[in-house]
2 protein chains.
Amino acid sequence: MPDPVRSAAVHADAAVPDGLLDAFWRYEDALMADDVPTLDALFAEGPWTLRGDAGGLLVGHDAIAAFRRGRGGAPQRQVVAVHVRVLDATTAAVVAVVEPRTGGRGQQTQVWRLGPAGWQVLVAHVAAPAPAVDGRVWREVGTPLVAGAGSGPLAGRRVAVKDLFAVAGRPIGAGVPAYLAAARTEPATAPAVQVLLDAGADLTGIARTDEFAYSIAGANPHYGTPPNARVPGGLPGGSSNGPASAVALGQADVGLGTDTGGSIRVPASYQGLWGLRTTHGRVPRDGLLPLAPRFDTVGWLTRDREVLAACSRVSAIGAPAVAAPERFAIAPRALEALEAPVREAFLRWTRSLEVEETDLGDLVAAQEAFRVVQAAEAWASYGAWLTAHPGAVSGAVADRFLAASRIDAAEAARARADLEAHRARLERAVDGVILLLPAAASVAPQTTADPTTVDRVRTATLRLTCVAGIIGAPSLAAPLLEIGGAPLGVALVGPRDSDDALVHRAAAFPAA
Amino acid sequence: MPDPVRSAAVHADAAVPDGLLDAFWRYEDALMADDVPTLDALFAEGPWTLRGDAGGLLVGHDAIAAFRRGRGGAPQRQVVAVHVRVLDATTAAVVAVVEPRTGGRGQQTQVWRLGPAGWQVLVAHVAAPAPAVDGRVWREVGTPLVAGAGSGPLAGRRVAVKDLFAVAGRPIGAGVPAYLAAARTEPATAPAVQVLLDAGADLTGIARTDEFAYSIAGANPHYGTPPNARVPGGLPGGSSNGPASAVALGQADVGLGTDTGGSIRVPASYQGLWGLRTTHGRVPRDGLLPLAPRFDTVGWLTRDREVLAACSRVSAIGAPAVAAPERFAIAPRALEALEAPVREAFLRWTRSLEVEETDLGDLVAAQEAFRVVQAAEAWASYGAWLTAHPGAVSGAVADRFLAASRIDAAEAARARADLEAHRARLERAVDGVILLLPAAASVAPQTTADPTTVDRVRTATLRLTCVAGIIGAPSLAAPLLEIGGAPLGVALVGPRDSDDALVHRAAAFPAA
């Protein structure tokens, strides 16, 4: 009986060198068995070995091996045809057409070489058939889901809306399956969505969010973590993770999201996008599920600065347009706690500008007041529901809600008073300047990073992002830095209602 | 000023051989300019050159050149990184990370060799970032769009429903944008959809159809022609083209469609799927837009015969289950008009069975009666709407509706009388046997085929498929044949209500 796995027709342009096909099939067997050591051994050692798929290009044996260890096995598939292009006695390209058990066809292209360690892959390119929709990124997608006005400043732009905004005729899911299952059909579309439709954009779909938007990591245990389009294996950043990944992947042009503690700016920074947290209260929040209304704002993620500018312009109906200060300031003390590569990349970039220095005071204390007020409000938003639905949220989000449930009225009142003091001091510190900060304290961590690392990164980032949140100021994340090939944003914090002006000012900025 | 196109960082593991990068960038320039002669010249001549992308693997310089001529240019993109793996002085792998203008990242892997014609590509693998949803295949998709009962014989199966069936809360589009634009929101889900949900399946999305389902080609000028998952560049077959491609691409497990003249069986044949046209009237057609009610039936497309069997079982509530005859018959006279490779492949396959011969009479005349009755009914279905919406449909579909508009009552009445005579004769001819036919008169034509060729293929196929339509009999398309690597189905025609039995009988069939 023929081995079903090895029954594929082999087409070769010349005599196939000894051992090549055996190595090819050993690789296939190991892949199906998730035999990581064998897979690692069949890829050439060293920094030049390449492996690419829809998640990005991995460079070097170590990066590829780390990917395999974190993958948890490849989808089962059948090789249906093998094409061998013999390059010389010790080198060949092998192209396999593969059929996953779940249907469709994919292609695997490999360059093999015979060396002291036997036949090994130098270069691999793997393409799996696309799903109908990437459920890590989207809940629902149409062509479009809701058509816009057709003309206007956003004509032809495709919007991914975070699954916190009402879309007429559909429920809101908030990243939590149990919440979605019981959600009512929304009778009307949220104004923040409608204004984009009226400006000519189409609504492509409803995109994912971290559970109840109470995270900046971008992970979601229920639907899978959206990919970071710029950092293979990287966290996408959240909580506007679905809109951010959709835009970075080119599946949408505008990600409509929210930013309470950094939920627009962090995914923008992690994925090399423009992102704007708007002035608190500037864009209507009707039809938007709240997390912590004291800080909740609407915002957008885009690949293109001009598109972001248009979103900002059309969304602030009736709100004033305040000019941005001419002067820039950095806050050296706030940068001290940052890891050296981030601090250095940021400071190197600021040297091309004329910048003053300012002092933001005790950001650790400010962040703590922010945390407590946010938590108290988050519990006010979802405590009753969560109590009725134990186990509905998970991991770090569940931990935060649990901590929030223990904040009593006195603690919350103290934090609110502290917050007002911090707000007053921060407003003075940034008076008359545009404050410049890194948009996040690090580039995107890997999805395989341990919870402690993710929490440490989160705390360091929120210490920066909470400044705008406390003031209620607009903050623009601009994709201007890169560390080791991974993007990092620069954040601009301006006076209230200087949103449009901030986006305009960034037009002249140099990229690192 | 650096050339923006050529500003990408180049990473090489050794000195890059002279001329290689120049050839690489010439290729890139030619691609962006759609300079087909230069692209052709930069790919090695001969039958061993390979080029693969999401549309499939093209083998040989000629197939690749034909693809380029029909493509109409590649999407504009920017190369952001180039990795060169030098294999020897005349051979190298070049992996480029590319960024389409519309966002996201892709990868292009090439094996280059220096020969008498200079540096040329031997092997290329191109991966573009996936869209949010393939609008050629789907109108709307969810995760799922509508959740099913969760348990039952179809638990875990994903359904693509043709855009002719009502889904509560959504309009029906029928493959015609002007129709969709004015369509009402459906108050209830069609029973043929609901029964699958009740059996545990989830509704993944609403998939495309040829305009008003009045075609078997599978092309759609408004939304783009869905890809044939098995034949690169091939027509998908229609009119259930969206569900068929969705299933063949692995984006769904069940395609729920309709078959009036062959709209399940033809796409099944073209894409190597199982397809069942059900007994006329067996599965409820409520909530389904009609084309020609005298012939319209519900049916399914699947990759897996067992899944098809389950669809058939759960959908015919209360209908009788008739046994299938033991004997098989072929109709030699009906095969005479077929192209030799199709006839021979089919006859070769039937030799493994015991088959009798039967005579279906004058199929040309039967087909003509079918055509006229179908056209008269199609005009009754859409004539008023089409008259009010000039230009809403196009090409061959518009031509057919125009011809249909000219059929007067007397001609329609004559055709109905003829049809009854043909029905009586055909019923006698297949009495007591399962009739075996090719499911289509050819494998999938290329999308670039001229209209005359498509029309000729259509006429030859409908001559076979109209037999079941005239009798109202069930017809199963089984993916058993292959011609030059392209799939071709075998059709079984059984007695009315032998649907389940036909699917069961095919379990024992040999694949060619």
* To do: Report the percentage of all Cα-Cα pairs in the stretch B:75-144 whose separation exceeds 19 Å, rounded to a whole percent.
  => 50 percent
* Efficiency of FRET between B:T448 and A:R416 - r from beta-carbon atoms, R0 51 angstrom, step 0.05 -> 0.15
* Asked: So how much accessible surface do B and A hide from each other in total, probe 1.4 Å, in square angstrom to the nearest 100?
  -> 4300 Å²
* Asked: Across the stretch B:169-181, in residue order, what do the Karplus-derived ³J(HN,Hα) couplings come to in whole Hz, using 6.51 cos²θ - 1.76 cosθ + 1.60 with θ = phi - 60° and x for Gly and Pro?
  -> x, 9, x, 9, x, 6, x, 10, x, 5, 5, 4, 4
* Asked: Say the dipole of the protein assembly as shown comes from +1 at the beta carbon of Lys and Arg and -1 at that of Asp and Glu; which of A:L114, A:G257, B:T447 then lies farthest toward its positive end?
  -> A:G257
* What full-extension length gain, to one decimal in nm, is calculated for A:H222 and A:E306 as 0.36 nm per residue of separation minus the Cα-Cα distance? -> 26.8 nm
* Structure fact -> To the nearest 20 debye, chain B has a Cα-centred charge dipole, built from +1 on Lys and Arg Cβ and -1 on Asp and Glu Cβ, of 560 debye
* Structure fact -> With every protein chain in place, the accessible area of B:F509 for a 1.4 Å probe, in Å² rounded to the nearest 10, comes to 30 Å²
* Structure fact -> Heavy-atom accessible area of the stretch A:41-81 with neighbours in place, 1.4 angstrom probe: carbon+sulfur share in percent works out to 58 percent
* So if we plug the beta-carbon distance of A:D431 and A:A182 into 1/(1 + (r/R0)^6) with R0 = 35 Å, what FRET efficiency do we get, rounded to 0.05? -> 0.15
* Structure fact -> Nearest-0.05 FRET efficiency for B:R101 and B:R333 at R0 = 56 Å, using Cβ-Cβ distance, is 0.50
* To do: Taking 7 Å along the Cα-to-C-beta vector as the label spot, tell me the A:E344-A:A149 distance in nanometres, rounded to one decimal.
  => 5.0 nm
* Fraction of alpha-carbon pairs over 38 Å apart in the protein assembly as shown - percent -> 52 percent
* To do: Report, to the nearest 10°, how far helix B:395-405 tilts away from the longest principal axis of the Cα atoms in chain B, using its own Cα long axis and a range of 0 to 90°.
  => 20 degrees
* Averaged over A:137-148, how many beta carbons belonging to a partner chain fall within 10 Å of each residue's beta carbon? -> 6
* **Gap separating the Cα centres of the stretch B:451-497 and the stretch B:120-191, nearest whole Å** => 25 Å
* Asked: Which whole number gives the average, over all residues in B:244-250, of C-beta atoms from other chains lying within 10 Å of the residue C-beta?
  -> 4
* Assuming a ≥ b ≥ c are the square roots of the Cα gyration tensor eigenvalues, decide whether the stretch B:138-508 counts as rounded (a/c under 1.5), prolate (otherwise, with a/b larger than b/c) or oblate. => rounded
* Structure fact -> Note on the stretch B:248-344: contact order normalised by length, alpha-carbon pairs under 8 Å, 6 or more apart, percent, works out to 29 percent
* Asked: Which value in deg cm²/dmol, rounded to the nearest 500, describes the helix-derived mean residue ellipticity at 222 nm for chain A, given -39,500 (n - 2.57) per DSSP H run of n ≥ 4 and division by the residue count?
  -> -10500 deg cm²/dmol
* Structure fact -> Here the percent of antiparallel bridges among DSSP beta bridges lying wholly in chain A, to the nearest 5, is 75 percent
* Gain in span if fully extended, A:D362 to A:D40, counting 0.36 nm per residue against the direct Cα distance -> 111.1 nm
* To do: Using amide H atoms built 1.01 Å from N in the peptide plane, name the residues 5+ places from B:L480, or on other chains, whose amide H lies under 5 Å from its own.
  => B:L488, B:V490
* What residue among B:L462, B:Q76, B:A89 has its Cα farthest toward the positive end of the dipole of the protein assembly as shown, where the charges are +1 on Lys, Arg and -1 on Asp, Glu, each on the Cβ? -> B:L462
* Asked: What is the dipole size for the stretch A:4-127, taken about its Cα centre, with +1 at each Lys and Arg Cβ and -1 at each Asp and Glu Cβ, in debye to the nearest 20?
  -> 320 debye
* Structure fact -> The set of residues whose placed amide H lies less than 5 Å from the amide H of A:A188, leaving out same-chain residues fewer than 5 positions away, is A:G169
* Structure fact -> For the stretch A:4-127, inverting the pair-averaged 1/r of distinct alpha-carbon atoms gives a Kirkwood value in Å of 14.6 Å
* Please give the net charge around B:A429, taking every other residue with its beta carbon less than 12 angstrom from that of B:A429, where Lys and Arg add +1 and Asp and Glu add -1. => -2
* **Length-normalised contact order for chain A - Cα pairs under 8 Å, 6+ apart - percent** => 13 percent
* Average beta carbon contacts from partner chains per residue of A:54-65, 10 Å cutoff -> 2
* Nearest 10 degrees, 0 to 90: helix A:340-350 Cα axis against chain A principal axis -> 60 degrees
* Structure fact -> the protein assembly as shown: antiparallel bridges as % of DSSP beta bridges, rounded to 5, reads 75 percent
* Taking the Cα atoms only, what angle lies between the long axis of helix B:451-471 and the longest principal axis of chain B, rounded to 10 degrees? -> 30 degrees
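The values are calculated or read from the model by the stated rules, or taken from the named source; none is laboratory data. Predicted model, so just to flag it, every value in this text is computed and none were measured. Ideal geometry is used to build each Cβ from the backbone, glycine not excepted, and the neighbour counts take in all protein chains shown. The accessibility values were calculated without ligands, DNA or RNA, using every heavy atom of the protein model including side chains. Shrake-Rupley method; radii C 1.70, N 1.55, O 1.52, S 1.80 Å.
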